[in-house]
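To start, the structure under review is shown below, and the notes come after it.
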Amino acid sequence: MIWNEKRENAYCEITPALLALKEQWEKKNYIDPRLYKEYNVKRGLRDEDGRGVLTGLTRVGEIQSYQVTSGPDGEHIIPDEGMLYYRGIDCREIVKGSAERGRFAFEEAAYLLLFGELPTADQLQDFCVQLASYRTLPTNFFRDVIMKAPPKDLMNTMQRAILTLFCYDDKPNDVGLENVLRQCLQLTANMPVLAIYAYQAWRYSQGESLFIHVPKPELSTAENFLRMLREDRSYTELEARVLDVALVLHADHGGGNNSTFTNHVVTSSGTDTYSAIAASMASLKGPRHGGANSKVMDMMDDIKTHVRDWGSEGEITQYLTKLLDKEAFDRSGLIYGLGHAVYTRSDPRCEVFRDYVHRLAGEKGLEQELALYSNVERIGKQLLMERRHKDAISTNIDFYSGFVYEMLGLPGELYTPLFAVARISGWSAHRMEELSSGGKLIRPRYECVEEVRSYIPMENR
Ligand SMILES: CC(=O)SCCNC(=O)CCNC(=O)[C@H](O)C(C)(C)COP(=O)(O)OP(=O)(O)OC[C@H]1O[C@@H](n2cnc3c(N)ncnc32)[C@H](O)[C@@H]1OP(=O)(O)O
Ligand SMILES: O=C([O-])CC(=O)C(=O)O
């Protein structure tokens, strides 16, 4: 079917012909789940004990979530409180740089992740100047690229913009480390601008007035983000500090998280930086990964609509049971913001957000809403533990982050883009590492469970 201006939905229509093809697809594409066990497939690249299959080495970031003890009957995995290290340093220590030492810390974290050492005052200053010099987009980029095509999802608009920046680069395919470093720094500097401009284009598409503010060189990433967001360019010190903390906490999560691993995979093929970062964006958008932060907010809105008494244990249990049975909300069966592929008992980043949520909710008079979040967290975890026969489930970073952003007055459309604004620092560090140390095309094996058979001539089918 061809795009048709007059019947624009014709392009997206699920026609009877498509339904018939889907039926045909279903007949030949089912894989019996028992086969995964028979072939000893590491589903989701996870070992039997739930730990990730070891697929690489990194110096960039590390997550700890359990202890291993060995006895006469072999190794035992004991769930533990989660820890996250950037280049060996507890990420919460870096957060303190922002909260206590009165300094914006995201740039410091990005420097640490990329170069492996905390910057001196001079190094940090030079790094910030360099980022500032890279923040400007090519002339007319907003008009020619960001405003083109209806901006339905900011992550896609940003991804397209990143891919198009390839065309403005004189050495786009050069994967020499100095060139890749330049591209990574430029994209790190551009990311907040792309996120906000994509948002402004989206607002405009919704009938709002269009305004575009340029970033200021002397401001931090967090300050520029807020400055470009609001028509009057206003923000408070507290807002900028909280946003800076969020950026630090989202900056890296080791090599195995879906978007960073995607980066390793595509980087290992020798592709260019723009393609690698766009691929990571594609992964991050997914609701089981970075997209979970806005899903949490939609889920909470749905809960607020369907649960009349926010303090009622029974009503919340009933709603969450329906949700897990795929009968409520988006019917995915997921309670967004709960569970984690690595953390067992707790996600340290969530604990930082929990702290902010408590402080901000008190100030904003949103204690009732906070109580609802706490109930959903507690009851949701209980239900998941019962169903999954686990004695611990962690609340992840996405459960409270959106609530914090909401209290800062940030629009929901920007929650996942904000994740990308931070995580590009980790993607960059991992891309550099893959190029310098990985050195091997990532290529796992898939066992084909189809039988080999003869080609049948058309007249005999
Ligand atoms: C920044 C981030 O990416 S943090 C994660 C953000 N994502 C979310 O919040 C989405 C909700 N959570 C989830 O979907 C999962 O917890 C994930 C994807 C994060 C991790 O999933 P897994 O690695 O499969 O975790 P785990 O092995 O502990 O899960 C065991 C089972 O419990 C299910 N489960 C885990 N968490 C949840 C949840 N919140 N709601 C419903 N079911 C869940 C898993 O789907 C899995 O089911 P399966 O055995 O049928 O495949
Ligand atoms: O590590 C993961 O699987 C997901 C995660 O928390 C992140 O990327 O921040």
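The values are calculated or read from the model by the stated rules, or taken from the named source; none is laboratory data. Please read these numbers as outputs of a predicted model, since none were measured by experiment. Note that we place each Cβ from the backbone using ideal geometry, even for glycine, and neighbour counts take in every protein chain shown. Just so you know, the surface numbers come from the protein's heavy atoms only, side chains and all, with ligands and any DNA or RNA stripped out. Shrake-Rupley method; radii C 1.70, N 1.55, O 1.52, S 1.80 Å.
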Label-point gap, in nm, between L441 and K96 - each point 7 angstrom along Cα→Cβ: 4.8 nm
Local net charge near G56, Cβ-Cβ under 12 Å (Lys/Arg +1, Asp/Glu -1): 0
Solvent-accessible area of W310 with every protein chain in place, 1.4 Å probe, in Å² to the nearest 10: 70 Å²
Radius 15 Å from Cβ of A420, net charge of other residues (Lys, Arg +1; Asp, Glu -1): 0
Sulfur and carbon atoms: percent of accessible area, the chain [1.4 Å]: 51 percent
Under Karplus coefficients 6.51, -1.76 and 1.60, residue-wise ³J(HN,Hα) of the stretch 189-202 in Hz, glycine/proline x: 5, 7, 3, x, 5, 4, 4, 5, 5, 4, 5, 5, 5, 5
Two-decimal log10 I(q)/I(0) for the stretch 104-184, as the Debye equation yields it once each C-alpha is a single scatterer, q = 0.17, 0.23 Å⁻¹: -0.88, -1.12
Size of electric dipole in the chain: Cβ of Lys, Arg +1 and of Asp, Glu -1, about Cα centre, debye, nearest 20: 940 debye
Largest-first ellipsoid semi-axes for the stretch 48-191, taking √(5λ) over the Cα gyration tensor eigenvalues, angstrom: 37, 22, 16
K28/R288 FRET efficiency (R0 30 Å; Cβ-Cβ; nearest 0.05): 0.65
Helix-only CD estimate at 222 nm, as mean residue ellipticity for the chain, using -39500 (n - 2.57) per DSSP H run (n ≥ 4): -16500 deg cm²/dmol
Coarse-grained scattering of the chain at q = 0.06, 0.07, 0.11, 0.14 Å⁻¹, given as base-10 log I(q)/I(0) from a Debye sum over alpha-carbon atoms: -0.29, -0.40, -1.00, -1.52
Positive dipole terminus of the stretch 292-408, leading residue within N375, S332, A361 (C-beta point charges): S332
Kirkwood hydrodynamic radius of the stretch 338-461, Cα pairs, Å: 18.9 Å
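Let's see if you can work this out: charge +1 on each Lys and Arg Cβ, -1 on each Asp and Glu Cβ, no other charges. What is the dipole magnitude of the stretch 228-285 about its Cα centre, in debye to the nearest 20?
Values: 4 positive and 7 negative charges, 36 e Å.
Around 180 debye, computed over the stretch 228-285.
Hey, what did the chain get for relative contact order, percent, Cα under 8 Å, at least 6 apart?
Details: 614 pairs, mean separation 91.9, N = 461.
The normalised contact order for the chain reaches 20 percent.
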Lys, Arg +1 and Asp, Glu -1 on Cβ, resulting dipole of the stretch 292-408 about Cα centre, debye, nearest 20: 340 debye
Calculated diffusion of the stretch 292-408, Stokes-Einstein form, Kirkwood radius summed over Cα pairs, 20 °C and 1.002 mPa s, µm²/s: 150 µm²/s
In Å², nearest 10: area of T273 left accessible to a 1.4 Å probe: 0 Å²
Y66 long-range amide H proximity, modeled H, under 5 Å: D80
Simple spin-label estimate for S312 and R331 in nanometres, 7 Å along Cα-Cβ: 2.5 nm
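Keeping all protein chains in place and using 1.4 angstrom, which order do D301, D32, D73 fall into by accessible surface area, from largest down?
On the way: D301 80, D32 40, D73 115 Å².
My answer, sorted largest first, is D73, D301, D32.
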Protection proxy ranking, peptides 113-121, 281-289, average beta carbon neighbours within 10 Å, highest first: 281-289, 113-121
Per residue value of the accessible surface for the chain (all protein chains in place, 1.4 Å probe), Å²: 53 Å²
